[in-house]
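**Q** I'd like to ask you about the structure that follows.
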Amino acid sequence: MDLSNLFVMFITFTLINNVVLNQFLGICPFMGVSKKSSSALGMGAAVTFVIVAASLVTYGLYYWVLEPADLEYMDLITFILVIASLVQLVEMIIKKTSPGLYKALGVYLPLITTNCVVLNVTLNNITEGYNFAEMLTYSIAIPVGFTLVLYIFSTIRERLELSNVPQAFKGNPIALIVAGMMALAFSGLAGLV
Amino acid sequence: MILAVLFFVALALIYATLYYFNHQTPLPKDCENIKAECHGCHDTGCGNHPSHDIKKGS
């Protein structure tokens, strides 16, 4: 386990191969939950939690159950059901144990079930052949990058609400233009590592 | 093949059970009417769309 490699991996998947701006995944919550920075942070926190938990469960399930039983082809449907079940379980636990936390991010949990970023991370953990440390690093880096971009985008959108935008560009058109500019900006980080 | 079907059924049952228990769990106090920030897009089938807030007869 080389810590410098893990650090490079973290920077790569947070900034350079960003899941939203480079891989173009998670566009739905990126556009839908970015009108306020508070909701963006809530969504980012919820996505981070679910992705890390789902990665741990699906990684163990694949190598301890599916692979020994020669059921590797069941990975897609298995992971979908595991992610959906995990979200239900997490929502139930948060409702019972922490009403404050539920008020902050509980409403986003059902939205994460259909978030393609979660399924992408769990599948990539297997297809890329990551060991446990790499899986954990990848599973933390992706949602951190997602949250970072979502928060930046939400702050820009908050300012756009107060700006003099032409009528035809108000709302989603200007938001998509901004997203394209952000993608261009982040592509400039390609030579960082 | 049978193992795959049994495995799928087991996972589906786990999901159904958790879904049932989650919806039986009462919402915490002051959380009955929280909604995700949504100003409404074209997907009116989404549960968070503001059109679902319109009450009958109003």
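The values are calculated or read from the model by the stated rules, or taken from the named source; none is laboratory data. Worth saying up front: this structure is predicted, and the values here are computed from it rather than measured. Neighbour counts are summed over all protein chains in view; Cβ atoms, including those assigned to glycine, are modelled from backbone coordinates with ideal geometry. What goes into the accessible areas is simple: the full protein's heavy atoms, side chains included, and nothing from ligands, DNA or RNA. Shrake-Rupley method; radii C 1.70, N 1.55, O 1.52, S 1.80 Å.
**Q** Step by step: first the residues of the range A:30-62, then only those that are closer than 17 Å to A:Leu109 by Cα and β-branched (Val, Ile, Thr), then the one that is farthest from the chain's Cα centre (by Cα). Which residue is that?
**A** A:Val33
**Q** Also: Among (1) surrounded by fewer than 18 Cβ atoms within 10 Å (Cβ to Cβ); (2) under 19 Å from the mean Cα position of the chain (by Cα); (3) among the β-branched types (Val, Ile, Thr), there is one condition A:Thr97 misses while meeting the rest; what is its number?
**A** (2)
**Q** Let me ask something additional. So which pairs qualify, if the first residue must be in the range B:8-25 and without any contact (Cβ under 8 Å) to a residue 12 or more places away in the chain, the second must be open to solvent by 100 Å² or more (accessible area, probe 1.4 Å), the Cβ gap must be under 7 Å, and the two must be at least 6 apart or on different chains?
**A** B:Thr25/A:Lys96
**Q** In the range A:33-48, how many are in a helix (DSSP H, G or I) and in contact with a helix residue (DSSP H, G or I) (Cβ under 7 Å, 6 or more places away or on another chain)?
**A** Final tally of qualifying residues: 10.
**Q** Let me ask something additional. Is there a residue in the range A:131-142 that is open to solvent by less than 20 Å² (accessible area, probe 1.4 Å), more than 30 Å from A:Leu3 (Cα to Cα) and either out of contact with any Cys (no Cβ under 8 Å at 6 or more places or on another chain) or polar (S, T, N, Q) (or both)?
**A** Looking through the range A:131-142, none of the residues is open to solvent by less than 20 Å² (accessible area, probe 1.4 Å), more than 30 Å from A:Leu3 (Cα to Cα) and either out of contact with any Cys (no Cβ under 8 Å at 6 or more places or on another chain) or polar (S, T, N, Q) (or both).
**Q** In addition: Say we look at the range A:127-172 and pick out the residues that are over 30 Å from A:Ala53 (Cα atoms) and of a type in the set (Gly, Ala, Ser); which of these is modelled with the lowest pLDDT?
**A** In this case the residue turns out to be A:Gly171.
**Q** Only one of these conditions is not met by A:Tyr108: (1) buried (at least 21 other Cβ atoms within 10 Å of the Cβ); (2) at positive phi. Which number is it?
**A** Result: A:Tyr108 passes all but (2).
**Q** A follow-up question, please. Can you name every residue in the range A:110-133 that is of a type in the set (A, V, I, L, M, F, W, C) and more than 10 Å from chain B (Cβ to nearest Cβ)?
**A** Result: A:Ile112, A:Cys116, A:Val117, A:Val118, A:Leu119, A:Val121, A:Leu123, A:Ile126, A:Phe132, A:Ala133.
**Q** Under 7 Å between Cβ atoms, at least 6 apart or on separate chains: pull out the pairs that start in the range A:1-12 with a residue that is β-branched (Val, Ile, Thr) and end on any residue that is not in a helix (DSSP H, G or I).
**A** Qualifying pairs under 7 Å: A:Val8/A:Val193; A:Ile11/A:Leu192; A:Ile11/A:Val193; A:Thr12/A:Val193.
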